[in-house]
1. Which condition breaks for residue 71 when tested against (1) at pLDDT 80 or above; (2) part of a loop (DSSP other than H, G, I, E, B); (3) within 18 Å of residue 128 (Cα to Cα)?
2. List every residue pair whose Cβ atoms lie under 8 Å apart, where the two residues are 6 or more positions apart in sequence or sit on different chains, the first residue falls within the stretch 114-134 and is at negative phi and assigned to a helix (DSSP H, G or I), and the second residue, located anywhere, is surrounded by 15 or more Cβ atoms within 10 Å (Cβ to Cβ) and at pLDDT below 70.
3. Among (1) touching a strand residue (DSSP E or B) at 6+ places or on another chain (Cβ under 7 Å); (2) more than 30 Å from residue 30 (Cβ to Cβ), which single condition is residue 80 missing?
4. Does residue 57 qualify as being at pLDDT below 80, part of a helix (DSSP H, G or I) and either farther than 30 Å from residue 129 by Cβ or in contact with a helix residue (DSSP H, G or I) (Cβ under 9 Å, 6 or more places away or on another chain) (or both)?
5. In the stretch 9-51, which residues are modelled with pLDDT of 65 or more, under 19 Å from the mean Cα position of the chain (by Cα) and exposed (fewer than 11 other Cβ atoms within 10 Å of the Cβ)?
6. How about the stretch 86-126: which of its residues are more than 17 Å from residue 43 (Cα to Cα) and modelled with pLDDT under 80?
């Protein structure tokens, strides 16, 4: 009884909260086309972060492969991990190849700026790049 008396004002407040806040309908998010809105620097940042994401996934997957390599009974897991690694490798491309065949060479400026002498960054192909902003 005492509990219901204590929470009655709070219940009344919460029931009428939407009237006091005057909430509006949410607008749906609009799709941003890669070519229309984003400048080359922004597209380069998307390409860089996407490459980082794929590199991190590949690193974690290679650790799983290494841990399952000499364990008996893990042959099925090892095969699955290797198939996943093949898929991730198909999403990547070398920087030299991208310079030659990329449809968006301007976006490679960010990658070139952050690339070291060994060119160790993971670069994504154009098809993978088109996937991430959408």
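The values are calculated or read from the model by the stated rules, or taken from the named source; none is laboratory data. All figures in this text were calculated on a predicted structure; none of them were measured in a lab. Ideal geometry is used to build each Cβ from the backbone, glycine not excepted, and the neighbour counts take in all protein chains shown.
1. The failed condition is (3).
2. Every condition considered, the pairs that remain are 129/34; 130/34.
3. (1)
4. Numbers: at pLDDT below 80: no; part of a helix (DSSP H, G or I): yes; either farther than 30 Å from residue 129 by Cβ or in contact with a helix residue (DSSP H, G or I) (Cβ under 9 Å, 6 or more places away or on another chain) (or both): yes.
Spelling it out, it is not the case that residue 57 is at pLDDT below 80, part of a helix (DSSP H, G or I) and either farther than 30 Å from residue 129 by Cβ or in contact with a helix residue (DSSP H, G or I) (Cβ under 9 Å, 6 or more places away or on another chain) (or both).
5. Residues satisfying the conditions are 29, 30, 31.
6. Listed by number, the residues that qualify are 116, 117, 118, 119, 120.
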